[in-house]
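Asker: If you scroll down you'll find the structure; I have some questions about it.
The values are calculated or read from the model by the stated rules, or taken from the named source; none is laboratory data. For clarity, every value in this text was computed on a predicted model and none was experimentally measured. Quick reminder, even Gly has a Cβ in these numbers, built from the backbone with ideal geometry, and neighbours come from all protein chains shown.
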Amino acid sequence: MTTAGESTIEPRDAITNAREAGVNPLDYMMRRGFVQDVTDEAGLRAAFAAGPVTFYQGFDPTGASLHAGHLVGIMMLATLQRFGHRPIALGGGGTAMVGDPTGKTSTRTVLSLEEIDANLDGILTQFRRHLDFAGGAFTQAPDNPAAVLINNADWLLDLKYIPFLRDIGRHFSVNEMLAAETYRNRLEHGLNFVEFNYRLVQSYDFLHLFRTEGCILQLGGSDQWGNITGGVELVRKADRGKAFGLSCPLLTTATGEKMGKTAGNSVWLDPGLTSPFDYYQYWVNCDDRDVERLLRIYTFLPDDRIADLVAVSDPAALRAAKQTLAYEVTVLTHGTGAATAARSAAQALFSGPRTSSAMLEDPNLPTVTIPAGEVTTDLSLADAFVRAGLASSRGDARRTAQQGGLSIDDQRVEDVDHPLGEVLAGRTTVLFRSGKKRFMRVVIE
């Protein structure tokens, strides 16, 4: 599947400055914190200097939306495109049917073709926010090639087993694969033969793109390093070609939590799963120790602007840097209008103590609607907090209520198993709150 569309991204200054100064894209990415390992640093730097490089990163469509944990990879694609290189966002429709064993202690759920196609359609709009599928949209690179979205099911599902083993499998050492941490860890819990083939099919993706698209660089997280180098080696062994691999660090917050997780839940790029307001709040509430690193990786702000933002010692002053981070990241993911509304809502909500009735009048307050016909004895308060996006499950709502963290119209909720209708007592617009900083206007209509 290859698609084209109109980019909505406004140009940012960091890459303009780097291009005008003659900075090599690899050096820029190292400086901004994107690079952990490179197969051939000098060779890749020379390839970037020689002309447009076609490069790719794979995203297995195991969900209906990408999440904030995918943003490092997306930002790497977006960064190199703004330097004038050609990105391929590879949808793993084929590899998703195999299941990547990396980082897993049990077999992944295998999705149907229909589920995979639906997920790919859903994530397309999220790529369009960051990548230019038309070409020439960025002022920094007016002649930059258009990005491409391809589904690897287009070639993987047509492979014939015996020819694949003969032509591709013979280039892989079972001993080397079993020595890899991914397979070694899974052997302790059970590794099926389908998963064992994952490295072969991902490596074959690189060979196929090398042959059909002139692609010479694969990007990925550091947990994919073995698969990336497997593809680089396959290109060399099968076609005597020169290819490169680059991995980025797997980011965690200063508190040790995975990037893109909040209260154990994923921060989704789909506004229907994580509202722009909650998305903005995730970034504005980041740990002080993470601000500078996040500004370098997740925005296109110039280095000197970032240095000015974080050159403060007062935590209150650092909040301005967090607000800038949250706004810039939300612009990239949801557009300027949604980011401005989220920022305005946050400023209004947290500008000082306000009653729930005053907050309910705020037009920027995020809102969820529940049809009146669904407000029956079967719809509990726990269900309503889940519907409002303030709890991930009934159990999560119960735990938060036990800790005193849930309220409705400034009244603390203690028993979330009560029917919503009994608590509302005829009210049709109420303020749900979880903790100090998460709000939702709930409208019954």
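Asker: For a quick check of your reading: which helices (runs of 4 or more DSSP H) sit entirely within the stretch 373-445 and have at least 3 residues that are closer than 24 Å to residue 279 by Cα?
Answerer: The helices (runs of 4 or more DSSP H) meeting that bar are 381-387, 394-402.
Asker: A follow-up question, please. Scan 166, 184 and give me the residue that is modelled with pLDDT under 80 and of a type in the set (Lys, Arg).
Answerer: Residue meeting the stated conditions: 184.
Asker: Shifting gears a bit: Give the residue, chosen from 421, 426, 405, that is of a type outside the set (Asp, Glu) and closer than 25 Å to residue 261 by Cβ.
Answerer: The conditions single out 405.
Asker: Could you go through the stretch 208-215 and let me know if any residue there is buried (at least 19 other Cβ atoms within 10 Å of the Cβ), under 18 Å from residue 172 (Cβ atoms), modelled with pLDDT under 95 and out of contact with any Pro (no Cβ under 6 Å at 6 or more places or on another chain).
Answerer: The answer is no; no qualifying residue exists.
Asker: Something else about it: Output the number of residues of the stretch 40-55 satisfying the condition of being surrounded by 15 or more Cβ atoms within 10 Å (Cβ to Cβ) and either of a type in the set (Val, Ile, Thr) or in contact (Cβ under 8 Å) with a residue 24 or more places away in the chain (or both).
Answerer: Selection size over the stretch 40-55: 8.
Asker: What residue, among those in the stretch 373-396 that are aliphatic (A, V, I, L, M) and either touching a Gly at 6+ places or on another chain (Cβ under 9 Å) or at pLDDT 85 or above (or both), is surrounded by the most Cβ atoms within 10 Å (Cβ to Cβ)?
Answerer: Here the answer is 384.
Asker: Could you list, in sequence order, the residues of the stretch 308-324 that are in a helix (DSSP H, G or I) and either out of contact with any Cys (no Cβ under 7 Å at 6 or more places or on another chain) or among the β-branched types (Val, Ile, Thr) (or both)?
Answerer: Those that are in a helix (DSSP H, G or I) and either out of contact with any Cys (no Cβ under 7 Å at 6 or more places or on another chain) or among the β-branched types (Val, Ile, Thr) (or both): 308, 309, 310, 315, 316, 317, 318, 319, 320, 321, 323, 324.
Asker: All but one of (1) within 24 Å of residue 282 (Cα to Cα); (2) in contact (Cβ under 8 Å) with a residue 12 or more places away in the chain hold for residue 399; state the number of the condition that does not hold.
Answerer: Evaluating residue 399 over (1) within 24 Å of residue 282 (Cα to Cα); (2) in contact (Cβ under 8 Å) with a residue 12 or more places away in the chain leaves (2) as the failure.
Asker: Within the stretch 240-260, is there a residue that is closer than 30 Å to residue 369 by Cβ, buried (at least 19 other Cβ atoms within 10 Å of the Cβ) and either at pLDDT below 95 or of a type outside the set (Phe, Trp, Tyr) (or both)?
Answerer: Scanning the stretch 240-260, I find at least one residue that is closer than 30 Å to residue 369 by Cβ, buried (at least 19 other Cβ atoms within 10 Å of the Cβ) and either at pLDDT below 95 or of a type outside the set (Phe, Trp, Tyr) (or both), so the answer is yes.
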